[in-house]
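A.B. asks: Right, I'll just put the structure down here and ask away after.
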Amino acid sequence: MVLVNEDGIRIDGRRIDEKRPIKIEAGVLKNADGSCYLEIGKNKVLCAVYGPRECKPRHLQDPTKAVVQVKYNMEAYSVTDRKRPGTDRRSVEISKLIAEALENVVQTELYPRASIDVYIEILQANAGTRCAGLTAASVALADAGIPMRDLVPAIACGKADGNVLLDLNKEEDNYGQADVPLAIVPSTDEIVLLQMDGNMTRAELDHGLDMAFAAAHEVYEVQRDALKRRYTEMSKKEGDSDE
Amino acid sequence: MITFKSDKMEKRSARRTREIVIPGDVLGNADEYKAGENAYELDGKIRANVIGTKTYTNDAVGVTVMGGFYMPVTGDTVIGIINDVGPSNWMLDINAPYPAPLHVSEVPWKVEFGDTSRFLTVGDVVLLKILMVDESKKIQVTMKDSGLRKIEGGQLVEISYSKISRVIGKSGSMIQMLKNMTDCRIFVGQNGRIWIDGDGENVDVAAEAIRIIERESRSANLTDRVREFIEKRLPQSEEDEEEDSE
C-alpha cells in the first residue's frame, strides 16, 4: 500500500505537513452546561460538560480540589466494523489521559469536593479521536464558564511509508510505523499529553513534534474562533431581539 | 417603530464595544495592570481565566463572566428547593455546585427530633440566607431572619445568576418598577431564582418581563423597554403608586 507518493502527496491528497480540515462549534447542546461539536477530517465528536456539581461516587471526592471525570465513548456505529458498545480497556485509558490533561488547565482548587463531568462521544472515527476528543472537551469546558488557565489543542504526528506526517488518518495509522498524539497548553507550550505507538528515530520524533506544535497552535485559533463566535452571537441576540 | 430602532442603534454604537475574551487570552501587561476578577498573571502578562467580557476596574483588568455557576457567598439571600429530609436537617438545592443543609436550629419553628417533615418536605420552596461558607465550601443556611419563610403559591422563574444584577437594576430601579407596574410581590434570590406572586395575568407578565431582562441584559435602556412591554400587556389605567412591602 502506497501511503505517500513520490510527490509527497498522501492518499487523501494532503501534503505531509498538512492537517485535516477542522470545524468546531461551541454550545450545541441545550441541557448541558457547556458543549462542543467538532469535526476533523472524517472524525466527528460531540462533547458535553456538566458541573462543577456534587461529586457523585462520593469516594472520589477530594476535599482540596475538584475532580475532572471524563467519559470517552465510541458509538457502535463509529467505525466500519461494529464496535462492541460500552467501556473497554482502550476507552478507560483515553478517559484517564484526557482527564489528566484537562486537570492541568482547569482551576480545580476553586471547587473543593465538586466534580466536573466531561462526556465525549465519538460519532465517527477515522484515527486521532483522542486528540479530537480532548480538543472538543476543552472548548466545552470553556463554554461551560469553568475557570481554566488556557484551552488545550491536540493533534497527532506520526510516520508512514518512511515519511514523518502530521495528523494521521486511519490508513496511515493502521499501516504506518508510528502514531504520536500531542496536546499542549498554548500560552506556555507545556505538553499535557504525549504518547508514542510505534517506532521513530529521535530526529524523526523531533521533526514530528515541531510540526505538531505548530499545528496545535493553529487548532487553538480554531477553538478560540468557535468560542468567540458563540458568544458574539449570544450578545448580538441580546442586543437585537425586538419582541 | 423605525425611528425607535435607529435611535437605539446609535446608542449602542456609542458605547465602548465589549471585548469577548477566552481562557488564556492576554488582557494586559502585568506592569500596567493588576490581575482582577477571573484573571491570573503569567510571565508578566495578565490572562483571562474564563470566557466573558474584558472589564477594567481601577488599576486591575479582569473578566466579567457570562454564565457559569452561582457560588454562594455569606449573607446572600437565595431561594432553595428541598431535596431531602433528615431527622435533624433538610437538604436544599440552591443552584450551587454544593448542596446546602438547613439545620433545625436555623428555622423559626420549634422542631422535635425526627419531626422535620411536618414543617418542610421534599419539593417545598423556601427563602434562605447563606449563614456561612467555609474553606472547603461547606455551606450553612438559615431561615432565622426577617422575611425568610416557606413560599406558597406564586411562580418561580429561574435565570442565569449573572443576570440578577440587571433584574434588580441601579439601586433597585428595575425591580421597583416591576413591582409597581405589575402589582406583584417579587423576591429575587442571588442564585438566579425569582419568586413572583400576584393576581392572574400580572404574574405571567412579570415573569415574561424578567425573561426579557435576561435575554437582553446587555442592551441599553433596558428599563424603558421593559416598561414599554408591561404597558402594552397591562394597560396602566389606575396609575396608583402602590408600594409593595417585601
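A.B. asks: Got at least one residue in segment A:82-91 being out of contact with any helix residue (DSSP H, G or I) (no Cβ under 7 Å at 6 or more places or on another chain), more than 14 Å from chain B (Cβ to nearest Cβ) and closer than 17 Å to A:Pro57 by Cβ?
C.D. replies: So in segment A:82-91, the residues out of contact with any helix residue (DSSP H, G or I) (no Cβ under 7 Å at 6 or more places or on another chain) come out as A:82-91.
Imposing the further condition that a residue be more than 14 Å from chain B (Cβ to nearest Cβ) reduces the set to A:82-91.
In the following step, the residues that additionally are closer than 17 Å to A:Pro57 by Cβ were identified as A:87.
Yes.
A.B. asks: Continuing with the same structure: Confirm whether B:Thr64 is under 18 Å from the mean Cα position of the chain (by Cα), in a strand (DSSP E or B) and within 12 Å of chain A (Cβ to nearest Cβ).
C.D. replies: Working: under 18 Å from the mean Cα position of the chain (by Cα): yes; in a strand (DSSP E or B): yes; within 12 Å of chain A (Cβ to nearest Cβ): yes.
Spelling it out, B:Thr64 is indeed under 18 Å from the mean Cα position of the chain (by Cα), in a strand (DSSP E or B) and within 12 Å of chain A (Cβ to nearest Cβ).
A.B. asks: Here's another thing I want to ask about it. Restricting to segment A:194-219, give me the number of residues that are among the β-branched types (Val, Ile, Thr) and not in a helix (DSSP H, G or I).
C.D. replies: So in segment A:194-219, the residues among the β-branched types (Val, Ile, Thr) come out as A:201, A:219.
From what is left, the residues that are not in a helix (DSSP H, G or I) are A:201.
Of the residues in that region, 1 qualify.
A.B. asks: Now, a different point. What's the number of the condition B:Ile186 fails, among (1) more than 30 Å from A:Cys55 (Cα to Cα); (2) within 14 Å of chain A (Cβ to nearest Cβ)?
C.D. replies: B:Ile186 satisfies every listed condition except (2).
A.B. asks: Against the conditions (1) touching a strand residue (DSSP E or B) at 6+ places or on another chain (Cβ under 8 Å); (2) at pLDDT 95 or above; (3) hydrophobic (A, V, I, L, M, F, W, C), where does A:Val92 fall short? Just the number, please.
C.D. replies: A:Val92 satisfies every listed condition except (1).
A.B. asks: Now a separate question. Looking at segment A:125-150, which of the residues that are within 11 Å of chain B (Cβ to nearest Cβ) and surrounded by fewer than 24 Cβ atoms within 10 Å (Cβ to Cβ) is farthest from A:Gly176 (Cα to Cα)? Give the derivation first.
C.D. replies: Within segment A:125-150, the first condition is being within 11 Å of chain B (Cβ to nearest Cβ), and the residues that meet it are A:138-139, A:141-150.
Still in the running and surrounded by fewer than 24 Cβ atoms within 10 Å (Cβ to Cβ): A:145, A:149.
Numbers: A:Gly145: 40, A:Arg149: 35 Å.
Ranking the candidates gives A:Gly145 first.
A.B. asks: I'm checking my understanding of the structure. Among residues of segment A:186-200 that are touching a Gly at 6+ places or on another chain (Cβ under 8 Å) and touching a residue at least 40 places away in the same chain (Cβ under 8 Å), which one is farthest from A:Ala99 (Cα to Cα)? Lay out the reasoning, then the answer.
C.D. replies: Our first condition is that a residue be touching a Gly at 6+ places or on another chain (Cβ under 8 Å); within segment A:186-200, this holds for A:186-187, A:198, A:200.
Applying the additional criterion that residues be touching a residue at least 40 places away in the same chain (Cβ under 8 Å) yields A:198, A:200.
Working: A:Gly198: 24, A:Met200: 27 Å.
Only one residue tops the list, namely A:Met200.
A.B. asks: Residue under question is B:Arg218, and the condition is that it be among the charged types (D, E, K, R), out of contact with any strand residue (DSSP E or B) (no Cβ under 6 Å at 6 or more places or on another chain) and outside any loop (DSSP other than H, G, I, E, B); does it hold?
C.D. replies: In short, no.
A.B. asks: With the requirement that a residue be over 21 Å from B:Ile94 (Cα atoms) and within 14 Å of chain B (Cβ to nearest Cβ), what does segment A:33-66 give you?
C.D. replies: Within segment A:33-66, A:Ser35, A:Cys36, A:Asp62, A:Thr64 meet the criteria.
A.B. asks: A further question on this structure: For residues in segment B:189-239 being among the basic types (Lys, Arg) and in contact (Cβ under 8 Å) with a residue 60 or more places away in the chain, which is surrounded by the most Cβ atoms within 10 Å (Cβ to Cβ)?
C.D. replies: Residues of segment B:189-239 among the basic types (Lys, Arg): B:193, B:211, B:215, B:218, B:225, B:227, B:232-233.
With the extra rule that they be in contact (Cβ under 8 Å) with a residue 60 or more places away in the chain, the set shrinks to B:193, B:218.
Working: B:Arg193: 24, B:Arg218: 17.
Restricting to residues being among the basic types (Lys, Arg) and in contact (Cβ under 8 Å) with a residue 60 or more places away in the chain, the top hit is B:Arg193.
A.B. asks: Of all strands (runs of 3 or more DSSP E) completely enclosed by segment A:19-66, which ones contain at least 1 residues that are acidic (Asp, Glu) and more than 18 Å from A:Ala137 (Cβ to Cβ)? If you could, list the steps in order and put the result at the bottom.
C.D. replies: On the way: elements: A:22-26, A:34-40, A:43-54.
By residue number, A:43-54.
A.B. asks: Right, next: Among residues belonging to segment A:104-115 that are of a type in the set (Val, Ile, Thr) and more than 9 Å from chain B (Cβ to nearest Cβ), point out the one that is nearest to A:Ala183 (Cα to Cα).
C.D. replies: In the first step, residues of segment A:104-115 are kept if they are of a type in the set (Val, Ile, Thr); the result is A:105-106, A:108.
Narrowing further to those that are more than 9 Å from chain B (Cβ to nearest Cβ): A:106, A:108.
On the way: A:Val106: 15, A:Thr108: 19 Å.
Of everything passing the filter in segment A:104-115, A:Val106 is nearest to A:Ala183 (Cα to Cα).
A.B. asks: OK, next. Pick from B:Val167, B:Val141, B:Val188: which is more than 11 Å from the chain's Cα centre (by Cα) and either among the hydroxyl-bearing types (Ser, Thr, Tyr) or outside the structural domain of B:Thr53 (by TED's automatic domain parsing) (or both)? Spell out how you get there, then give the answer.
C.D. replies: Values: B:Val167 fails: more than 11 Å from the chain's Cα centre (by Cα); B:Val188 fails: more than 11 Å from the chain's Cα centre (by Cα).
When all the criteria are applied, what remains is B:Val141.
A.B. asks: Let me spell it out: the conditions are (1) under 24 Å from A:Cys55 (Cβ atoms); (2) in a strand (DSSP E or B), and A:Ile191 meets all of them except one. Which number is the exception?
C.D. replies: All conditions are met except number (1).
A.B. asks: Still on this structure, please answer the following. Just name the residue that is farthest from the other protein chains (Cβ to nearest Cβ) out of those in segment A:179-191 that are surrounded by fewer than 21 Cβ atoms within 10 Å (Cβ to Cβ) and not polar (S, T, N, Q). Write out each step before concluding.
C.D. replies: Kept after step one, since they are surrounded by fewer than 21 Cβ atoms within 10 Å (Cβ to Cβ), are these residues of segment A:179-191: A:186-191.
Checking which are not polar (S, T, N, Q) leaves us with A:186, A:189-191.
Working: A:Pro186: 7, A:Asp189: 11, A:Glu190: 11, A:Ile191: 16 Å.
The extreme case among them is A:Ile191.
A.B. asks: Continuing with this model, one more query. Filter segment A:1-13 for residues that are of a type in the set (D, E, K, R), in contact (Cβ under 8 Å) with a residue 60 or more places away in the chain and not in a strand (DSSP E or B) and give the result.
C.D. replies: First pass over segment A:1-13, keeping only residues of a type in the set (D, E, K, R): A:6-7, A:10, A:12.
Then drop every residue that is not in contact (Cβ under 8 Å) with a residue 60 or more places away in the chain, which leaves A:10, A:12.
Once the filter is applied, which keeps residues that are of a type in the set (D, E, K, R), in contact (Cβ under 8 Å) with a residue 60 or more places away in the chain and not in a strand (DSSP E or B), segment A:1-13 yields only A:Asp12.
A.B. asks: Determine which single condition B:Ser171 fails, assuming it passes every other condition in (1) over 16 Å from B:Arg185 (Cβ atoms); (2) surrounded by 11 or more Cβ atoms within 10 Å (Cβ to Cβ); (3) out of contact with any helix residue (DSSP H, G or I) (no Cβ under 7 Å at 6 or more places or on another chain).
C.D. replies: B:Ser171 satisfies every listed condition except (2).
A.B. asks: Also: Counting only residues that are part of a helix (DSSP H, G or I) and small (Gly, Ala, Ser), which one in segment B:100-125 is farthest from B:Ile151 (Cα to Cα)?
C.D. replies: Checking each candidate, the answer is B:Ser105.
The values are calculated or read from the model by the stated rules, or taken from the named source; none is laboratory data. This one's a predicted model, so the numbers in the text were calculated from it and none came from an experiment. Using ideal geometry, Cβ is built from the backbone for each residue, glycine included, and neighbour counts are taken over all protein chains shown.
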